[in-house]
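What follows is a single structure, written as structure tokens, with notes after it.
Bear in mind that the values in this text are calculations on the coordinates, not laboratory data. Just so it is clear, the structure is predicted and the values come from calculations on it, not from any experiment. With ideal geometry, Cβ positions are generated from the backbone for all residues, glycine too; neighbour counts draw on all protein chains shown.
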Amino acid sequence: MDTYKIPVIAIDGPSASGKGTIAQLVAKKLGFHYLDSGALYRLVALKTMQSHTNIHNTDQLAEIARNLNVVFKNEDIYLDGTIVTDAIRAEQCGLLASQIAAHPQVREALTDRQRAFCQPPGLVTDGRDMGSVIFPDAILKIFLTASAEVRAQRRYKQLKEKGINANISDLLQDIKKRDERDSNRSIAPLQQGADAQLLDTTSLTISQAQDAVLSWYNIISAKNPRLDK
Ligand code: DC
């Protein structure tokens, strides 16, 4: 029997913790595929706004999630043929995504789409429930976090660089609100699993955080030589 197993590195953590940046860098370094699961929830949020769907109509939200016409190409994301890479990053979209993501039917509708990203030679993915629900067999699970203040500063800098106007105290409030909702919902809440490594990046550089993930992965793959084939 072939014992080859596709290695998955699952990086979960709160909003604006830098998990997306780290996950992308690690994926590039290892030559693995990359899944930004938050983008899927943001896409459902954008489509919900575009179609003026009532955010309490769970059947319709699940329908939107099931039928998302999305293409990930290079660094861009297309929704119904239009580039929405920047549009889904708006704070409004993130907040709505967080509300929509609390509906079990929406999460269920996105499950298979997320698992389909698990392809050889491996996958690095980030979100809230990658290690707990979507890829419970991930060989490396990381809970990546940073203080809310540092996360607000990072988000501020990121938005500024994109020419998007932002107010740091509003961002901090939004981040705290989102942490509260994502951590306390009844389905797939954000929490550090017992089997996840804690990576607090409050005082780490991007490169130090990336090195921490890669060194954990190297230790694991050295013990499982068939993982890396
Ligand atoms: O990671 P992000 O900020 O782009 O995610 C946007 C929202 O989507 C987040 O506030 C909660 C939701 N989300 C989720 O519930 N589960 C995931 N795996 C990823 C995101």
Could you pull out every residue, at least 5 positions away or on a different chain, whose amide H is within less than 5 Å of the one on residue 140? Hs are placed 1.01 Å off N in the peptide plane, and Pro or chain starts have none. 8, 10
Place +1 on the Cβ of every Lys and Arg and -1 on the Cβ of every Asp and Glu in the chain, take the dipole about the Cα centre, and give the residue among 90, 198, 186 whose Cα lies farthest towards its positive end. 198
Can you tell me what share of the DSSP beta bridges in the chain is antiparallel? A percent to the nearest 5 is fine. 25
What percent do you get for the relative contact order of the stretch 92-229 when only Cα pairs under 8 Å and 6+ apart count? 31
Charged-residue dipole, Cβ positions (Lys, Arg, Asp, Glu), the stretch 23-115 about Cα centre, Debye nearest 20: 280
Between the stretch 1-80 and the stretch 167-229, what's the alpha-carbon centroid distance in Å? 16
Mind putting a number on the dipole of the chain about its Cα centre? Charges go on the C-beta only, +1 for Lys and Arg and -1 for Asp and Glu, and I need it in Debye to the nearest 20. 260
Per-pair calculated FRET efficiency, R0 = 35 Å: residue 119 and residue 177 via Cβ, rounded to 0.05: 0.50
Tell me the trypsin sites (Lys or Arg not before Pro) within the stretch 80-178 that lie in a loop according to DSSP and have at most 13 other beta-carbon atoms within 10 Å. 162
Phi angles of the stretch 171-182, converted by Karplus (6.51 cos²θ - 1.76 cosθ + 1.60, θ = phi - 60°) into ³J(HN,Hα) in whole Hz with x for Gly and Pro, give 5, 4, 5, 4, 4, 5, 4, 5, 4, 4, 5, 5
Helix 37-50 versus the longest principal axis of the chain: what is the Cα-based angle in degrees, 0 to 90, to the nearest 10? 20
HN-Hα J couplings of the stretch 92-105 from phi, Karplus 6.51/-1.76/1.60, θ = phi - 60°, integer Hz, Gly and Pro as x? 4, 5, x, 5, 5, 4, 5, 5, 5, 5, 7, 8, x, 5
Residues whose placed amide H lies under 5 Å from that of residue 85, excluding near-sequence neighbours: 77
Sum up the charges of everything whose Cβ sits under 12 Å from the Cβ of residue 189, counting Lys and Arg as +1 and Asp and Glu as -1, but leave residue 189 out. -1
For helix 148-161, report the angle its Cα long axis makes with the longest principal axis of the Cα atoms of the chain; keep it between 0 and 90° and round to the nearest 10°. 70
Per-selection Kirkwood Rh - the stretch 1-104 (Cα, Å, 1 d.p.): 15.1
Taking N as the number of residues in the chain, what is its alpha-carbon radius of gyration divided by 2.2 N^0.38 Å? 0.99
Computed over the stretch 62-151: relative contact order in percent, which uses C-alpha pairs under 8 Å that are six or more apart: 18
Roughly how many debye, to the nearest 20, is the charge dipole of the stretch 68-204 about its Cα centre, given +1 on each Lys and Arg Cβ, -1 on each Asp and Glu Cβ, and no other charges? 180
Give the shape of the stretch 41-156 as rounded, prolate or oblate, defined through the alpha-carbon gyration tensor: a ≥ b ≥ c are the square roots of its eigenvalues, a/c under 1.5 means rounded, and otherwise the shape is prolate if a/b is larger than b/c and oblate if not. rounded
Taking every other residue with Cβ under 14 Å from the Cβ of residue 74 and scoring Lys and Arg +1, Asp and Glu -1, one gets -1
Taking 0.36 nm per residue of separation between residue 28 and residue 137 and subtracting their Cα-Cα distance, the length gained on full extension comes to 37.1 nm
If the label point is 7 Å along Cα→Cβ of residue 198, which residues in the stretch 121-157 have backbone nitrogen under 13 Å from it? 143-147
Of the listed pairs 29/177; 5/47; 73/162; 29/176; 29/223; 176/223, which have alpha-carbon separations greater than 30 Å here? 29/177; 5/47; 29/176; 176/223
